[in-house]
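A.B. asks: Would you mind keeping the following structure in view while I ask a few things?
Nothing in this text is a laboratory measurement; each read-out follows from the coordinates by a stated rule. Computed from a prediction, not measured in an experiment: that's the story for all the values here. FYI the Cβ positions are ideal-geometry reconstructions off the backbone, even for glycines, and counts take in every protein chain you see.
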Amino acid sequence: MQVSSYDGNEVHTISFAKGKPKTALASRPLDKKERRTGTVIRWRPDLEVFTDIRIPHDFFVDTMHRQAVVNPGITFKLRLEQADGSFTEQSFLYQNGISDYIAERVGDTAKTEPVLWHLETKGRDRDDKADYKLKADISFCVSNTVTATEYYHNSSFLEHGGSPDKAVKLAFVAALDAYLKQNNRYNKGEKSITFEDVRDCLFLVINSFSTLTSYENQTKKSITNSFIYEALRDFLRQQLNFYLTEHPTEAETFAGQVLINKRSRENADKARIEIKKKLTGTIDIANRVEKFVNCRSKDPDVRELYIVEGDSALTSCKLGRAAEFQAIIPVRGKTLNCVKAGYDRIFKSDIIIDLLRVIGCGVEIDGKVKGDINRFDLSQLRWSKIIICTDADEDGFQIRTLLLTLFYRLLPTLLRERRVFIAESPLFEITTKDDILFAYNEFEKAEILKRLETEGKKYTLQRSKGLGENEPDMMWQTTMNPATRRLVSVEPADVARTEYMFDVLMGDNIAERKVFIAEHGGEYLKDADI
């Protein structure tokens, strides 16, 4: 990487390689023709670090486009070298930032004119923390054709939103619900609107900046600042109340479309439930549970159920499995924390109901449970092994923990009978001329590399991809082949201790959790995603 910084009178240049300076900082004066300000960065990926540098052109287009949206008045140019050495050039400019972007995207489908609100404030996430500054631009309009909610923070696109998304959901639902009630728009006994009804006619963009940011994880797709959430929530509620009062035509259009969305959704839900009831007596479990992949064997003593993380892992496992005795069900979305949730919430969760159906604990099609599932009848169990199979990263560990919490709360008999297992996934792939070796931890990696170096064999080392990116033969060898896979049996040997830990770490025992973190938190710093 080479960096040149111009201050109008001089240019300062330095280059880096592998994260360290490659040259000393050099400065020279600028002549009259060269005088400028700004920074120029030229870089190439290090092939020893990046094993695949084939970055699609669309990625650069999308990145430059998003930067132009959140940096109003600045022109971004993308120049792409062609095979003959010439360049094509694309320019991206939004003079008024997010409001121009919304007008471009929504076009003639807008039912209301885009609004643009600006917030500047400061505050803190906790009383024992220092204040920091926040500024944000919010723009939205109503359209039942083009809809989206996009969040940007410090010029980065927040795919999952986090604090801004939470603030938008609460503020818009509260303001529109109050408007509908005040104007007697609800029918007698009618349920209130949800954000799903609002989102179906909303195009909204928030572009925020803060001097302190807490990201949910290293991918930086979501922020967690409590002050940002509270500041945006309060600001949006206030501005929306003003907007709905001062713009009666727009308010009626917005609220009326939300009400149409709500009633349409409810009618569709009723129709879907009626169809499911009619089909209940004629369809089997494979059709009742979305994306469940059954096996051919009917023998519960050999059948295995893999619970995998998402659709991509479902595909890899499906292609790499033994179809005779291995079935697969993907976890779609985040599993409910069954320690904290009440039974009324648990049995409204489609993920949990589908899992219980497949495992075989007498769950009706409408989500009602026959009998007490804590006294699970093993004669109903369709599987010899239930195997939790997730990626070896923080997200995978969280999904694994939530699934174990589900078994602990709802089906403890399966834990006592040692029917639940965890499939270990390799962390590293070590490729030699003749073979591919897998290491499941740092110690195994070190041992394999030491042996290969002693034998004088050349190798390439890379961290294993997620399950969804594995080839079928690798999936079979490392995760699904009974002869080569590694399974960890989940055995709650000390029931009292297990109950205590689930209560402390996953339940509502906040005081005890603080004590545990204070006493033992330092032991897990190396594993923390900081």
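A.B. asks: Loop only by DSSP, 10 or fewer other Cβ within 10 Å of the Cβ. Give me the trypsin sites (Lys or Arg not before Pro) in segment 166-237 that pass, ordered by residue number.
C.D. replies: Of the trypsin sites (Lys or Arg not before Pro), the ones in loops of segment 166-237 whose Cβ has at most 10 other Cβ atoms within 10 Å are Lys188, Lys191.
A.B. asks: Which whole-Hz ³J(HN,Hα) couplings does segment 191-206 yield from phi under the Karplus relation 6.51 cos²θ - 1.76 cosθ + 1.60, θ = phi - 60°, glycine and proline marked x?
C.D. replies: Working through the residues one at a time gives 6, 6, 6, 10, 5, 4, 5, 6, 4, 6, 9, 10, 10, 9, 9, 10 Hz.
A.B. asks: Based on the mean of other Cβ atoms within 10 Å per residue, sort peptides 320-326, 158-164, 7-13 so the most packed one is first.
C.D. replies: 158-164, 320-326, 7-13
A.B. asks: Evaluate E = 1/(1 + (r/R0)^6) for Ser155 and Asn267, where r is the Cβ-Cβ distance and R0 equals 45 Å; express this FRET efficiency to the nearest 0.05.
C.D. replies: My answer for the efficiency is 0.60.
A.B. asks: With each run of n ≥ 4 DSSP H residues scored as -39500 (n - 2.57), what mean residue ellipticity at 222 nm is computed for the chain after dividing by its residue count and rounding to the nearest 500 deg cm²/dmol?
C.D. replies: Result for the chain, helices only: -11000 deg cm²/dmol.
A.B. asks: Could you list which residues have their amide H under 5 Å from that of Leu202, counting only those 5 or more apart in sequence or on another chain, with H placed in the peptide plane?
C.D. replies: Ser143, Ala148
A.B. asks: What area, in nm² and to one decimal, does the C-alpha convex hull of segment 375-447 cast on average over all directions?
C.D. replies: Here the figure is 6.8 nm², rounded to one decimal.
A.B. asks: Right, another one. Sort largest first and round to whole Å: the equivalent ellipsoid semi-axes of segment 161-255, each the square root of five times a Cα gyration tensor eigenvalue.
C.D. replies: Ellipsoid half-lengths, sorted descending, are 29, 14, 11 Å.
A.B. asks: Related question: Rounded to a whole number of µm²/s, how large is the Stokes-Einstein D of segment 172-325 at 10 °C and 1.306 mPa s, given Rh as the Kirkwood radius over C-alpha pairs?
C.D. replies: Value of D from the Cα-based Kirkwood radius: 77 µm²/s.
A.B. asks: Once Rh is set to the Kirkwood radius over Cα pairs, what Stokes-Einstein translational diffusion coefficient, in µm²/s, holds for segment 96-182 at a temperature of 25 °C and a viscosity of 0.890 mPa s?
C.D. replies: Rounded to a whole number, D works out at 163 µm²/s.
A.B. asks: Once label points are set 7 Å from the Cα along Cα→Cβ at both Gln95 and Lys181, what is their separation, rounded to one decimal in nm?
C.D. replies: Taking the two extended label points, one gets 4.5 nm.
A.B. asks: I need the phi-derived Karplus couplings for segment 317-331: 6.51 cos²θ - 1.76 cosθ + 1.60, θ = phi - 60°, integer Hz, Gly and Pro marked x.
C.D. replies: Once θ is set to phi - 60°, the couplings for segment 317-331 become 5, 4, 6, x, 8, 9, 4, 5, 9, 10, 10, 9, 9, x, 8 Hz.
A.B. asks: Shifting gears a bit: Can you give the direction-averaged projected area of the convex hull of the alpha-carbon atoms in the chain, in nm²?
C.D. replies: Value for the chain: 34.7 nm².
A.B. asks: Consider all pairwise Cα distances in segment 1-159 and report the whole-number % of them above 19 Å. Spell out each step's value before the answer.
C.D. replies: On the way: 9113 of 12561 pairs.
That fraction is 73 percent.
A.B. asks: Work out from phi, with θ = phi - 60° and the Karplus expression 6.51 cos²θ - 1.76 cosθ + 1.60, the ³J(HN,Hα) of each residue of segment 17-33, listed in order in whole Hz, and give x for Gly and Pro.
C.D. replies: Working through the residues one at a time gives 8, 6, x, 10, x, 9, 10, 6, 5, 10, 10, 8, x, 9, 7, 4, 6 Hz.
A.B. asks: Compare the peptides 19-25, 65-71, 297-303 by average per-residue count of other Cβ atoms within 10 angstrom and give them in order, highest first.
C.D. replies: For the peptides 19-25, 65-71, 297-303, the packing ranking is 65-71, 297-303, 19-25.
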